[in-house]
1. Could you rank the peptides 107-119, 226-238 by their average count of other C-beta atoms within 10 Å per residue, with the highest value first?
2. Can you tell me which aspartates and glutamates have their Cα less than 14 Å from the Cα of LYS297? Leave out same-chain residues fewer than eight positions away.
3. Using the structure shown, select from LYS242/LYS305; LYS117/LYS146; LYS51/LYS137; LYS91/LYS156; LYS87/LYS156 the pairs with a Cα to Cα distance greater than 25 angstrom.
4. Please give the calculated 222 nm ellipticity per residue for the chain, where each DSSP H segment of at least 4 residues contributes -39500 (n - 2.57) and the sum is spread over every residue; nearest 500 deg cm²/dmol?
5. Using the Kirkwood radius built from alpha carbon pairs, what does the Stokes-Einstein equation give as D for the range 134-255 at 4 °C and 1.567 mPa s, in µm² per second?
6. Quick one: check the C-alpha center-to-center distance for the range 200-252 versus the range 62-121, whole angstrom.
7. Which FRET efficiency value, to the nearest 0.05, do you get for LYS297 and LEU61 by plugging their Cβ-Cβ distance into 1/(1 + (r/R0)^6) with R0 = 25 Å?
8. Tell me the angle of helix 163-176 to the major Cα principal axis of the chain, expressed in degrees between 0 and 90 and rounded to the nearest ten.
Amino acid sequence: MEKADNTYMLIRDLHIQFKSYEGIRDVLYVDEIRINKGETYGIIGESGTGKTVLALSILRLLETPPGKIVSGEIILDGTDLMKLSEKQMQKEIRGKRISMIFQDPMSTMNPVYTVGKQLVNVITRMHGMSRQEAEKKAEEWLNIVKLPDPEKVMKKYPHELSGGQRQRVIIALALACGAEFMIADEPTRNLDVTIQVGILQLLKQLQEEFGMTCLFIANNPSLIYSMCDHVAVFQNGRIVEKGKTQQVLKHYAHPYTGILLNAVPDKNGMNEQLNYALEHRDDPVQAKCSHYAMCMKHQEICIEKEPEMTELEDGHFVKCHLCKRRN
């Protein structure tokens, strides 16, 4: 199985469709994402651009139907996850090698069990420890994620914790599994800004301490900038720009990336590009370029031919007919 350079996860030619009352719809096509061991790779885009679909596809948790994986490879450290059986995914991958932090901790935790019982169950199942050993280990993990008075937290039910506390418990659950690859799907979306900062600092610290590789999904550029080494910009299920985080966010080339970065109106109101995009985003234009209707500079070729991914400079790629390689 392919494993190049320091690549820990390779996602290539991943094509996913959904069946609805309107017919078959393409929701995701990822040409290539390479995530190096020990790094944090960011995915950014609006809601509905396929970010969570990608995360669920990696874990093979996508509901089929309505979803259908048409083609593609998801290779984790040399193992093609697409070729594993459901039994192998359950026994060897989910939890043990890949864990996921969801947007809403309450949807992940069982409301009828205490925090301690849920942690202990995970630890005994994953590591074969006795219940007494697992309880001690559970308290250690709660301490590692900086929850004060772990012994008291163990006895609480999820609804008795704050949003930030619940998210720390979810992180503890993910770490307790021993997974080397973590997917964080907008883990601070429903939290207050001050709580967000603490959770992000914790994730970054734990990733460095345990040497984990992370896929970080967000719709906020500032979170990507503070957390990620590389980033891919998603629009309508396709990558339109990718590269090192500083390359993409500081020297972006695709107009859609510019819209994401400048989506907050200034004191003079919306900028011209953003205003145009909002006015025309729902225009029923049949074009090969997914950004055609929203783009102020579109040309005839944008209707006739889908743009190819072009390398502007070392490691910085963009999918746009108007962008040329920088010298």
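1. In decreasing order of mean packing, 107-119, 226-238 become 226-238, 107-119.
2. Filter leaves GLU272.
3. Correct reply: LYS51/LYS137; LYS91/LYS156; LYS87/LYS156.
4. After summing the helix terms and dividing by residue count, I get -9500 deg cm²/dmol.
5. It diffuses with D of about 82 µm²/s by this estimate.
6. So the separation of the two Cα centres works out to 21 Å.
7. Between LYS297 and LEU61 the formula returns 0.05.
8. 80
Read-outs: derived from the displayed coordinates by stated rules, not from any lab. Computed from a predicted model, the values in this text were never measured in an experiment. Cβ atoms come from the backbone with ideal geometry, glycine included; neighbour counts cover every protein chain shown.
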